[in-house]
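Colleague: Handing you a structure now.
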Amino acid sequence: MTTILYLNGTIYTMDAAQPRAQAMAIDSTSGRILTVGDNDEVRRVGGRDTELVDLHGKTVLPGFIDAHIHLVETAYRRHYIDASGTRNQEDVANLVRQRAAQTPNGQWIQGGQWDKNLWPGQQFPTRASLDAAAPAHPVALWSKDGHLLWVNSLALQRAGITAATPDPANGAILRDSTGEPTGILQEDAATSLVYRVIDKRDPVLTRHLVHHIISDLQRSGITTIHDIESRESFSLFQQLRDEGQLGVRVEMILPRHMLPDLRAIGLHAGFGDDMLRFGGIKIFADGTLGSQTAAMLEGFEGNPNNKGILTLPEAEMKETVSAAAEMGISIAIHAIGDRAAHVALNSIEQAQRLLADSPSERTPKRLRYRLEHVQLITSEDLERMRRLGVVASVQPFHAVADRDIAERYWGKRHRHAYAYHTMQQMGIPLALGSDAPVETFDPLRILYAATLRNDTSTPRRPPWLPDQALPIAQALWDYTQGAAYAGAEEDHKGSLTVGKLGDAVVLREDIFSVPQEKMAENGVQATILGGKVVYGEV
Ligand SMILES: [Zn+2]
C-alpha cells in the first residue's frame, strides 16, 4: 500500500468540523483519506511507501459531484449534427443537406440542439425543409431540451406515423390544418414512435465517444456523476469499471419503467461499489419550458388553454413512488412546471405516509426523494419540500440560459422561478448539476451562473433575478456535500474527511478570493480520484 501525502495546500474540506486544512494523506489502495490536518500531522502518517505531493499553496476542494447528467447522450452530441448555433430552420436544413451528401441513402441522419425560441417568430419548424434537404434519408433532430423531435417525411414513414395515427397518451403529434403530421413530435410517448425504429448504436463508436467524454469530466474537476440514463449506459459503465477504465464514479439513476425488473431481483439503492452504484429511479412528471410542455397550474402566458403535459397520471405516479420507496429505491422526479411539482409532492407525501404506517416502520437509510429542476413551484409546495425533506436537484445554468423564455412563457410568474436562494434559506437541501447535454457540464461556468445569475458568454447582461444568487460557499457546498447527500453517499463523498474517498480538485486560483467575475476562468489544475491524479499535474 502506498500512502500519498498532499502537502502545502489551501484545502477547503467542506467538513464543518474542520473547514480548512493544509495537508491530507490518502491510501492509494482503498482510495480513502487517512488524515487531514497541517503538514506535520499529515507527515506523521507517512511510512516506507510514501509519495509526497507539494500543492504549492493551491486551492483544493472535494471533487465536484454533478447530480444530474446524461453522459452517453453528452458523448454522442459530438458525433451528431449540432444545430445549437442555428438562427432559423433553413440553417438546420443546410447542416442536414451537408450531412446527407456524405451519408449513404436510407441511413438515418440524427442530431439536434435546435432551439426555436431563438428563431424569428418562435414557430415550430416543419418536415418540409428537411424533406428538401434530405429526401432520401430519414432525419430525426431533437430540440435543445430533448423533449421535441423534428423529423422529415421519410422518418415519419419509417415510423408508420400518418394522419390516421392517434396522439399517444401523454404526448402529441403536431398536425397541419389538413390533419397531416407537421414533423414535430412532443414528449417521450410520441418521440419514441420514431426512436424505436432508428438503427441501434454501434458499441465500438459508443465506447470511443464515452472514453473522450470521461476525460473531459476529469479535466473539469468532476469526480462523481449521477447518470440519468438507461440500461445500455449501465451495461457500458459496468464493462468500463471491470476494465479499470471508468475514470469517474457513477451513481446510476434508471428509468421508471425498469422498476418491475429491479423489484424482481430485490435491488435497492446503494448497491454497488465506490466506482459504480445503483442510485435510484427517475420519473418524468412533465415536459419542459422551452417546448411549452411543462405542466402548469395556470396556462402559459398568452396561451391560457395550454397547461402543458403531465407525462404520468397522478395515480400512476403515486403508485410508482410508493412502490419504489417501499423497496428502498431513491426517487428522482423531473418537475419543471408548478403543477408537476405539486403532483410529484403529492406522491412523495403519500409514499412517506405509507412507509411510516407500514409494520416494518423502517425508513431505509439510503432513500432520498428528489425533485429534478424545480423551475417553477408555489410557495406552499416549497414549504412542503422542506417539511418532507425533498432534495432540490437544480442546474443553475438553466436559470441563465432560460431567462428569456421564462419571462416570455411564464409572464410575471417568472419572478418566483429558479428560486435557489429561497430554497436554501428555507432549509431545503440543494444539489447542483448540469443536465448536460442540454447545458454545459463545466462546474466553474455553472458556479458562475449560480453565484452571479449570469452566463459567462453574456457578461454584459444584467444578472437575472440576482436575489436568487447563491453565496459561493453555499454553491460549492451544494456541488459537493449537497450532491453527495442527494445520492445518499454523504458517508463516502462530498467532503475531505478521514474515511471518505480521496476525490479532490485542485484549482489554479483560490475560488474564494479571485474576483467573482473571473471565477469561470480559474481553471482546474488537477483532478484527484481516490488519491491518484487522473488529470493535470500538481
Ligand atoms: Zn436531464
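Colleague: Add +1 for every Lys or Arg and -1 for every Asp or Glu among the other residues with Cβ under 14 Å from the Cβ of Leu7, and state the total.
Modeller: Cβ neighbours under 14 Å give a net charge of -2.
Colleague: Got the relative contact order for the stretch 1-126 handy, in percent, Cα pairs under 8 Å and 6 or more residues apart?
Modeller: Across the stretch 1-126, relative contact order equals 22 percent.
Colleague: At 7 Å along the Cα-to-beta-carbon direction for both Gln238 and Arg263, put a label point, then send me their distance in nm to one decimal.
Modeller: Using points 7 Å along Cα→Cβ, the separation is 2.1 nm.
Colleague: Taking Cα centroids, how far is the stretch 12-51 from the stretch 154-188 in Å?
Modeller: When both Cα centres are located, 59 Å separates them.
Colleague: If you don't mind, there's one more thing I want to ask. Give me P(r) over the chain, computed from all C-alpha to C-alpha distances, binned every 10 Å, as integer percentages.
Modeller: 4, 18, 28, 27, 16, 6, 1, 0, 0
Colleague: Keeping all protein chains in the complex and leaving out DNA, RNA and ligands, what accessible area do you get for Arg97 with a 1.4 Å probe, in Å² to the nearest 10?
Modeller: 100
Colleague: Reported to two decimal places, what Rg/Rh ratio describes the stretch 215-273 when computed on Cα atoms with Rh from the Kirkwood expression?
Modeller: Radius of gyration over Kirkwood radius for the stretch 215-273 works out to 1.00.
Colleague: Right, here's the next one. Starting from the Kirkwood radius over alpha-carbon pairs of the stretch 207-338, derive D by Stokes-Einstein at 10 °C in a medium of 1.306 mPa s and give it in µm² s⁻¹.
Modeller: Answer, rounded: 96 µm²/s.
Colleague: Could you compute the longest span of the chain free of GluC sites (Glu not before Pro) located in DSSP loops and having at most 12 other Cβ atoms within 10 Å, not counting the site residues?
Modeller: Result, exposed sites excluded: 1-242.
Colleague: Leaving ligands, DNA and RNA out of it, rank Phe284, Phe64, Phe271, Phe124 by accessible area with a 1.4 Å probe, largest first.
Modeller: Largest to smallest exposure gives the sequence Phe271, Phe284, Phe124, Phe64.
Colleague: For Asp176 and Asn39, compute 0.36 nm times the residue count separating them, minus their Cα-Cα distance, and round to one decimal in nm.
Modeller: Gain in length upon complete extension: 42.2 nm.
Colleague: Working out 0.36 nm times the residue gap between Asp199 and Ala17, then minus their Cα-Cα distance, what length gain in nm do you get to one decimal?
Modeller: In short, 60.2 nm is gained.
Colleague: What distance in nm separates the simple spin-label points at Thr162 and Arg207, each placed 7 Å from Cα in the Cβ direction?
Modeller: Placing both labels 7 Å along Cα→Cβ, they lie 4.3 nm apart.
Colleague: Further, regarding this structure: Take the solvent-accessible surface of the protein heavy atoms, probe 1.4 Å, and return the percent of it on the stretch 1-40 that carbon and sulfur atoms account for.
Modeller: Of all accessible area on the stretch 1-40, carbon and sulfur atoms account for 49 percent.
Colleague: Contact order normalised by length for the chain, with contacts defined as Cα pairs under 8 Å and 6 or more residues apart; what percent is it?
Modeller: So the answer I get is 17 percent.
Colleague: For the chain, what is the accessible area per residue in Å² when the probe is 1.4 Å?
Modeller: About 40 Å² of surface per residue is accessible.
Colleague: Take every Cα-Cα distance within the stretch 90-211, group them into 5 Å bins from 0 onward, and report for each bin the whole-number percent of pairs it holds.
Modeller: P(r) over the stretch 90-211, rounded to whole percents: 2, 11, 21, 24, 21, 13, 6, 2, 1, 0.
Colleague: More than 23 Å apart: what percent of Cα pairs in the stretch 353-497 qualify?
Modeller: So the pairs more than 23 Å apart make up 37 percent of the total in the stretch 353-497.
Colleague: Let me ask something else. What dipole magnitude, in Debye to the nearest 20, does the chain give about its Cα centre under +1 on Lys/Arg Cβ and -1 on Asp/Glu Cβ?
Modeller: Value, rounded to 20: 260 debye.
Colleague: With contacts defined as alpha carbon pairs under 8 Å and 6 or more residues apart, what's the relative contact order of the stretch 212-284 in percent?
Modeller: With pairs under 8 Å counted, the relative contact order is 33 percent.
The values are calculated or read from the model by the stated rules, or taken from the named source; none is laboratory data. All values reported here derive from a predicted model rather than from experimental measurement. Cβ: placed from backbone, ideal geometry, glycine included. Neighbour counts: every protein chain shown. Side chains included, ligands, DNA and RNA excluded: accessible areas come from the protein's heavy atoms. Shrake-Rupley method; radii C 1.70, N 1.55, O 1.52, S 1.80 Å.
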